[in-house]
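Notes to accompany the following structure.
The values are calculated or read from the model by the stated rules, or taken from the named source; none is laboratory data. Small disclaimer: the values here were computed from a predicted structure and weren't measured. Quick reminder, even Gly has a Cβ in these numbers, built from the backbone with ideal geometry, and neighbours come from all protein chains shown. For accessibility, only protein heavy atoms count, side chains too; no ligands or nucleic acids. Shrake-Rupley method; radii C 1.70, N 1.55, O 1.52, S 1.80 Å.
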Amino acid sequence: DHPTVGGDDCTAVTFDETVAAGVWGGEPDLPQTPLRISAELDLAHRRLVAEGRRGADPDALYERTLNLAAATLAYHHPQRVDAGRPQTRRARRQLVDDAREALAMAPQRALPGLARELGVSPHHLSRVFHAHTGQTIAQHRMLLRSRAALERIAQGEDSLARLATEVGFADQSHLTRTIRRHTGRSPTELRALLGETAA
């Protein structure tokens, strides 16, 4: 934003060299000059900041920040940002399958570590995963957490606070909101519906 009477207003994002190179066609040195953005990118930035202020899931914020940075760079240099993307449909499908398998084994794994393990940049992993599944990696991870919670609820888990912590939700409220969004029912309703002692 342009400087104002009280100073300027900006969002600073820092990437390590590996992540920067993955977004910028293999080169870690990002442009040093200001880049103009579209109204669409401006709105995406404002939504990202608003979600951060509301305490959104850190993994989701990381993924969205990475994709916003890549979209900003691609607005000026689309070919450079596309460099390094898996070239064939088969390679992209295999990358998605490998990512799903790795997340099933360790759902708490963050995007940078997952991408490193799979030998691709976080940006390209995020983009390919979304293109093939229709959801972000953070959304897929939340689905895995929800399924794990549902399994425990069906087994009679009696402490939602403990369950939330153990399967990776921020707190019991986060667990309840997510379960309700995915199933249309609260954890308490699901316990009665799925529990082994249900009539």
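Please give the helices (runs of 4 or more DSSP H) falling wholly within region 101-199 in which 2 or more residues are among the hydroxyl-bearing types (Ser, Thr, Tyr).
Numbers: elements: 111-118, 122-133, 137-154, 160-167, 172-183, 187-194.
Helices (runs of 4 or more DSSP H) meeting the threshold: 122-133, 172-183.
Suppose we filter region 8-33 for residues that are more than 22 Å from the chain's Cα centre (by Cα) and either touching a residue at least 60 places away in the same chain (Cβ under 8 Å) or open to solvent by 80 Å² or more (accessible area, probe 1.4 Å) (or both); how many remain?
The qualifying residues number 7.
Collect the residues in region 175-199 that are open to solvent by less than 40 Å² (accessible area, probe 1.4 Å), of a type outside the set (A, V, I, L, M, F, W, C) and touching a residue at least 40 places away in the same chain (Cβ under 8 Å), keeping them in residue-number order.
Within region 175-199, just Gly195 meets the criteria.
Starting from residues that are in contact (Cβ under 8 Å) with a residue 40 or more places away in the chain and either of a type in the set (Ser, Thr, Tyr) or surrounded by 18 or more Cβ atoms within 10 Å (Cβ to Cβ) (or both), keep the ones in region 108-122 and report whichever is farthest from Glu27 (Cα to Cα).
In this case the residue turns out to be Leu111.
Restricting to region 27-85, name every residue that is in contact with a Lys or Arg (Cβ under 9 Å, 6 or more places away or on another chain) and over 27 Å from Gln108 (Cβ atoms).
Scanning region 27-85 gives Glu27, Leu73, Ala74, Tyr75, His76.
If you take the residues in region 150-174 that are of a type in the set (Val, Ile, Thr) and under 23 Å from the mean Cα position of the chain (by Cα), which one is least open to solvent (accessible area, probe 1.4 Å)?
The extreme case among them is Val167.
Within region 123-144, does at least one residue satisfy the condition of being open to solvent by 50 Å² or more (accessible area, probe 1.4 Å), farther than 30 Å from Val81 by Cβ and of a type in the set (A, V, I, L, M)?
No, region 123-144 has no match at all.
If a residue must be within 21 Å of Met105 (Cβ to Cβ) and among the charged types (D, E, K, R), how many such residues does region 144-199 contain?
5
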